[in-house]
Structures are given as structure tokens and as C-alpha cells.
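What follows is a single structure, written as C-alpha cells, with notes after it.
The values are calculated or read from the model by the stated rules, or taken from the named source; none is laboratory data. These numbers were taken from a predicted model, which means no experiment stands behind them. Positions of Cβ are generated from backbone atoms using ideal geometry, with glycine treated the same way; all protein chains shown enter the neighbour counts.
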Amino acid sequence: MNKKPYYITTPIYYSSGSFHLGHCYTTVICDAIARFKRMDGYDVFYLTGTDEHGQKVQQRAEKAGVTPKQFVDRLYEQITALWKKLDISYDKFIRTTDEYHEKTVQKIYEKLLANGDIYKSEYEGMYCTPCEAFWTESQLKDGKCPDCGRPVTKQKEENYFFRLSKYQNRLIKFYQENPEFISPRSRMNEMINNFIKPGLKDLCISRTTFDWGVKLPFDSKHVAYVWVDALSNYITALGYLQDDHAKFDKYWPADLHMVGKEIVRFHTVIWPALLMALDLPLPKKVYGHGWLLFGDDKMSKSKGNVVDPFFLADRYGVDAIRYFLLREIPFGSDGAYTNEALLVRTNADLVNDLGNLVSRTTAMITQYFEGRIPAPNAYTQLDKELITLCEATLDKVRKDMDGLSAPDALTDIFKIVQRANKYIDETTPWTLNKQGNTERLATVMYVLAECIRFAATLLKPFITETSNVIFEKLGVNSPEDFSEITKFGVLKAGTKVNKGANLFNRIDVEKELKALDELAEKQNSDKNAEQTLPSDLIDINDFAKVKLCTAKVLSCEKVAKSDKLLAFKLQVGDEVRQVVSGIAQYYQPEYMVGKTVVLVKNLKPAKIRGVESNGMILCAADGKTVVFVTPEKDIGSGKEVR
Ligand code: ME8
């Protein structure tokens, strides 16, 4: 059977700083959607990547003393390690420095030019470098960037422009005909009122003030505007305008561009207009999710309030983090991160509800039925209530996920878990055991094991590791799709369960919060201590690499055809060494004979003016003169200096 294609994208991440928990939000949500759709029978293509060009990257690289490419390579390593840690199942990772992408961006510019959508003109505007965005005076907030609140600079350039204004009416018509295109709905009004109604201005789509970007094929003094470069990734990754465009033919238009609310404007105004100009179909939906806040502020590197996802995942497990991001924040709105919220949520849902259900059930099957799932007998009305709930949940979760609401989906899945826990209290299996009512006890155990199987199957897209562990405990293979959760009664009687360790360990919230505070305090004081140190300091291990010792000058002569160089024969303990030193202007050779000098002993040998030199004589210099360094008393040659 031919599966229906489903193309989902995250934004491509800026490669100009490190990555924090806020960044993980978009990616984890898309991952859950992608995994859900795959299990639900779709042929999914999930794209993510990095946005590696632009002035910001160039500036940061300069500051770090590396080339822009070296700089973005480092961040690429970091982000792919992060996605691996968080078990992100992307099908492709695109980098805007990939050659195929750069070439295709050039072709896109050529196409826009050929279609008359690009023209050259002078531009003056207020530019926010961190956001790589031009603003008009009226769009500024208190004279600053309306998105990030940082100062903007006036920039004037002769540039190429995209005829964005030409697409204004077509855009409005498209929004009207596709009311689901911008979601949630509130963001649609925001776009129309703030950007479209005041009138769309043509867009400056080239830059000359820096060169870390895609060169325009028709004018190599200009590089492509990063947003055109970046937005194009959604089609270049599929092979658009390339020899192999099978994926483009299959997956475009995208089913879903998931983006943070601050970049909805780029995705719902500029991107569709560019696609119209390229005569391509438009994506089906752009969803602008809310922000993960820290305190009242957006979590962001520049605000210095970031939470390190590596640290959290190592400390609490990847699924605790995935679960928190997917469950805690009402989808579409902003949500605050606090350590306490994470710990409380983990304890309540993962330890108490899910962990307890699985450990109680596997323990009871182990105790009462020698670890083998028993065959059920006649179902009671109570059992049927649970069976109906299980069989109805996939449809509910599917609806939740169609609305892209992971919190609702998880709430519905956990209804099975909570109902099953309550069922244990209602049926009191320990009493049935005492009464010797094995028949009823067997049915209760079977119902519980099936409830767990339903819940674990549905949880697979969300908490990937844990659901696999649950299947190991149930003694069955982890399913690839949802085909076996339409009907109750799939588990085979006699299957051997493995109780094993707890899924999650209970966290002592108060103690843990204190420990986290102490860790944060220590980190801050370490950071402050680091900040007060000059950046060129080395530590003792660096110094220990340099081996210094005393040496006695046996002979000294001028190096032929050189005004500056003297060649020394030095006694270094038992060894005699030849060393060349540039002090001929300051010392006569005969003066040096018999003197004790300090030698860098482990310098790699070098040939200076054809003379081999094995070490370096230490000297002090003040710009006018040079003097050699000598021990205060005679101590002999070959003695360590430290
Ligand atoms: O915008 N809470 O990249 P980016 C929730 N390169 N989401 C957050 C967040 C927070 N505190 N901080 C960041 C870019 N994000 C461009 C995209 S696409 C053609 C180019 C989300 O690295 C942010 O909303 O700044 C966005 O969805 C993603 O992280 C990447 O942001």
C-alpha cells in the first residue's frame, strides 16, 4: 500500500551560539509529531538543520579567532550531539553551507531575477544584526528591535530587492482561502494587522557589508540575505532545482512548518511570497508555538537565562525532559520552565502514575503467576469499562495530534494509566490472591497488562526510551505502528514478564532543589572567577610543558652573513648542544664564553640560516636592548629552572 507522504520541518537553528532547552522545544515537538505520524501509517520526512551564514556568525567567529566555517562546524557537532541525546528522529539534517544548498539558492536568485521579481536599488533602514532583520522606523519599539529589544543600526547599501509588495493581495486571498494556514488563529490576525495591512514593502534580499553567505550568481559583491538563504532550505533539502528531485516531487508542499512565534512573520509573509514568485505550491500549515520562559523572559542565550539540556538529560533521563516539554506547556502559549515544575511533573506522572502501574503489575504477575501473563476469563462490567477506554484512545490521541496538541494527547494516554491504577485499588488483587480466587485474579492481571501495552504503544512517539523498556518488561516486541491497539486482547497468555528495575526513581523534590541551587551557585562563582582572569592565562600544566635548564657557554661565534645571529656550543649537563640566538647586536661572542644562560631545552630543533639550533636562550628585552638571563649564583649546567 502506498503511504501518504507527510513533510514536517523545524526551523534551521542559528549557528551563532550554544543551544538551550528553549531550542529543544521545537525539535522535540516535531519529533513527537513525526514519530506519531510514522506509527499512524504516513511516509514521514522530518527535516531539521542549521542556519550557518550571516553577519552574526561572521562576527562571532572573528571574536573567537576562528574562520566562520570552523565556527559553524563546532556548533554542528554540538547540535547533532544534542539531537542524538534527545533521540530526535530527523530524516535529514541540512546545513546552509552544504554545497548543494548554496548552489540551489543561487539558482533560486537567478530564477527570481529572470521572472522580474528582483531589481537593484538603494536601501536605507534600521538593521538588527542578531535577528538579521531590517525594520522601518515605525516598527521599532522605543527605537530598538521589536523582536529582541536590542539596539539597531542604520544601514545604507545599494542592494537587490524582491518585489514583496506585488504579492500583498495574493497573500491576503491565500489566507482567506486557507484559514488553517497560520496557526493558532490568533497569529493570523497578528500578521494581517501588523504586517500586511500597513502595506508590504519590497524586501532587501542582498548584503554587501559582509561576505559570509551565498554569493549572488549575477553580482558576486553581494551575498544572499540570510532569511532567503535559510527559508529556501525547506525545498533545497528535497532536491528542488537539482538532478535528483524525487523527494521534492513526493513531499512538497510541506504539511507543517513548526516555528517559534517570533519567526511566524518570515514563514507566513516572505516565504509564501517567494514560493509564489517561484511558482510553487505553498505549505499547508505554519504553526507558531509559544516560548519556553525562564521567569518572565524568553529563555535565550543573550538574556543569560538558559537551561542546559545536556545537564538535565544526564541528571533526570531523556524521557523526563521530553515528557516535560511535551506535557507541561500548553501548546501555542508560552510556558515557564522551573526546576520545581520539572521535578514535580516527573514525580507525579512518570514515577507515580506510569512507573507504579508497570512495577505493581509486573510484580504481581511475577508473584501470583510465576512471571507469566495469565489467560483472562469472563470480563466483568468493570473490565469492559477499561477495555472500551483503551480501544477508544487511539482515535482521541489522533485528533489531539491533528490539532498538534501533545499535552492533550498525553493527557488522554495517561487516562488509561490512571484508570488502570484505580482498577488495582478497586479489584484489590492481593485479596483475590488471599481468597484463592485465581480465576478473577488472572483476568485482572491480563486486563492490567493489556492496559500497559496500549499506553506504552501510544507513548512511543513521546517517551521513546521508556516505552521500549516497558515492552521489554512485558516480554513482547515494541510495535512499529498502531495496528495492534485497535482491539483489546493481543497479549498472548504465557508471555514471560521481566520485572526489572523501576522505570523512574522518585525524586526528593526539596532535597533536589537545594542541590540544584548549590550547583548553580557554584557554577556562577566559577564563572565569575573565570571572568576576572585575563583570557591569556595558562594553567600550571601548560607551563609544565616548557622544560628550562641552565647551560654553560663553551664557545660562541657569529653566524656567517648574519648581523643578528650568534651560534653557541653549550654544556647542558653531560650533553653538548648547538643553539643559535639572535643577540649578536648586543653581545660580542667572546664575552659570552664561560657565561651561564637559561635554555629552553625541549624546543623542536630548527635550522636558522642553515645552522642547526637545539633550544633557545632566554633573554629579557625592553625594546631598546636585550640581556640574557643568568642564575644569581653559579649552580652548574643542566640544572632545572622552574
Ligand atoms: O530563528 N522557547 O533560529 P533560532 C521556545 N535560524 N522556542 C525557542 C526558544 C524558547 N525560549 N528559543 C528558541 C532561527 N526557540 C532561524 C530560523 S528557519 C528558515 C530560520 C526556537 O536558532 C525558535 O522559536 O533562533 C525557533 O523555532 C528555533 O528555536 C530555532 O531558533
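The listed residues are Tyr446, Tyr379, and the only one of them that is hydroxyl-bearing (Ser, Thr, Tyr) and not in a helix (DSSP H, G or I) turns out to be Tyr379. Taking the listed residues Lys69, Lys85, Lys4, the one that is touching an Asp or Glu at 6+ places or on another chain (Cβ under 7 Å), modelled with pLDDT of 95 or more and basic (Lys, Arg) is Lys4, with no other qualifying. Condition check for Phe174 on (1) within 32 Å of the chain's Cα centre (by Cα); (2) of a type in the set (Phe, Trp, Tyr); (3) closer than 15 Å to Val269 by Cα: one failure, at (1).
The single condition from (1) within 16 Å of the ligand (Cβ to nearest atom); (2) at pLDDT below 95 that Cys204 fails is (1). As a summary of the residue check, Lys261 satisfies the conditions (1) in contact with a His (Cβ under 7 Å, 6 or more places away or on another chain); (2) away from the ligand (no atom under 13 Å from the Cβ); (3) of a type in the set (Lys, Arg) except for the one numbered (2). Every condition in (1) modelled with pLDDT under 90; (2) away from the ligand (no atom under 12 Å from the Cβ); (3) touching a strand residue (DSSP E or B) at 6+ places or on another chain (Cβ under 8 Å) is met by Glu328 except one, and the failing one is (1). Would you check which residues across region 213-248 are assigned to a helix (DSSP H, G or I), within 16 Å of the ligand (Cβ to nearest atom) and farther than 17 Å from Ala114 by Cβ and list them? Residues satisfying the conditions are Val226, Trp227, Asp229, Ala230, Leu231, Asn233, Tyr234, Ile235, Thr236. If you check Asp314, Asp319, Asp308 for being more than 12 Å from the ligand (Cβ to nearest atom), surrounded by 19 or more Cβ atoms within 10 Å (Cβ to Cβ) and more than 30 Å from Tyr109 (Cα to Cα), only one passes: Asp319.
Checking each residue in region 276-293 for being within 13 Å of the ligand (Cβ to nearest atom), closer than 15 Å to Thr9 by Cβ and not small (Gly, Ala, Ser) picks out Pro283, Val286, Tyr287, His289. Taking strands (runs of 3 or more DSSP E) as the structural unit, those lying wholly within region 1-118 and holding at least 2 residues that are more than 18 Å from the chain's Cα centre (by Cα) correspond to 4-14, 42-51. Looking at region 452-467, is at least one residue of a type outside the set (D, E, K, R) and on the phi > 0 side of the Ramachandran plot? No, every residue in region 452-467 fails to be of a type outside the set (D, E, K, R) and on the phi > 0 side of the Ramachandran plot. Name every residue in region 39-57 that is touching a residue at least 40 places away in the same chain (Cβ under 8 Å) and touching a strand residue (DSSP E or B) at 6+ places or on another chain (Cβ under 6 Å), in order of residue number. Once the filter is applied, which keeps residues that are touching a residue at least 40 places away in the same chain (Cβ under 8 Å) and touching a strand residue (DSSP E or B) at 6+ places or on another chain (Cβ under 6 Å), region 39-57 yields Asp43, Val44, Phe45, Tyr46, Leu47, Thr48, Gly49, Thr50, Asp51, Glu52.
Among all residues of region 315-325, there is none that is β-branched (Val, Ile, Thr) and more than 17 Å from Thr27 (Cα to Cα).
Out of Lys69, Lys3, one residue alone is surrounded by fewer than 23 Cβ atoms within 10 Å (Cβ to Cβ) and over 23 Å from Ala254 (Cα atoms). It is Lys69. The single condition from (1) farther than 25 Å from Arg315 by Cβ; (2) crowded, with 21+ Cβ neighbours inside 10 Å; (3) touching a strand residue (DSSP E or B) at 6+ places or on another chain (Cβ under 8 Å) that Ser16 fails is (3).
So which of Leu140, Leu171, Leu113, Leu164 ends up being surrounded by 13 or more Cβ atoms within 10 Å (Cβ to Cβ), over 30 Å from Gly239 (Cβ atoms) and of a type in the set (A, V, I, L, M)? Answer to the check: Leu140.
Considering only residues that are touching a helix residue (DSSP H, G or I) at 6+ places or on another chain (Cβ under 7 Å) and among the acidic types (Asp, Glu), look in region 1-60 and name the one that is nearest to the ligand (Cβ to nearest atom). Checking each candidate, the answer is Asp51.
Checking Val593, Val626, Val611, Val598 one by one, the residue that is surrounded by 13 or more Cβ atoms within 10 Å (Cβ to Cβ), touching a Leu at 6+ places or on another chain (Cβ under 7 Å) and of a type outside the set (Gly, Ala, Ser) is Val598 and no other.
Among the residues making up region 164-198, those that are farther than 24 Å from Gly403 by Cα and modelled with pLDDT under 90 are Asn193, Asn194, Phe195, Ile196, Lys197, Pro198.
May I ask you to verify whether Phe414 is crowded, with 16+ Cβ neighbours inside 10 Å, under 22 Å from Pro376 (Cβ atoms) and in contact (Cβ under 8 Å) with a residue 40 or more places away in the chain? Taking the combined requirement at face value, the residue does not satisfy it.
Among Val358, Val397, which is under 30 Å from Ser183 (Cα atoms) and touching a helix residue (DSSP H, G or I) at 6+ places or on another chain (Cβ under 7 Å)? Checking each option against the conditions leaves just Val397.
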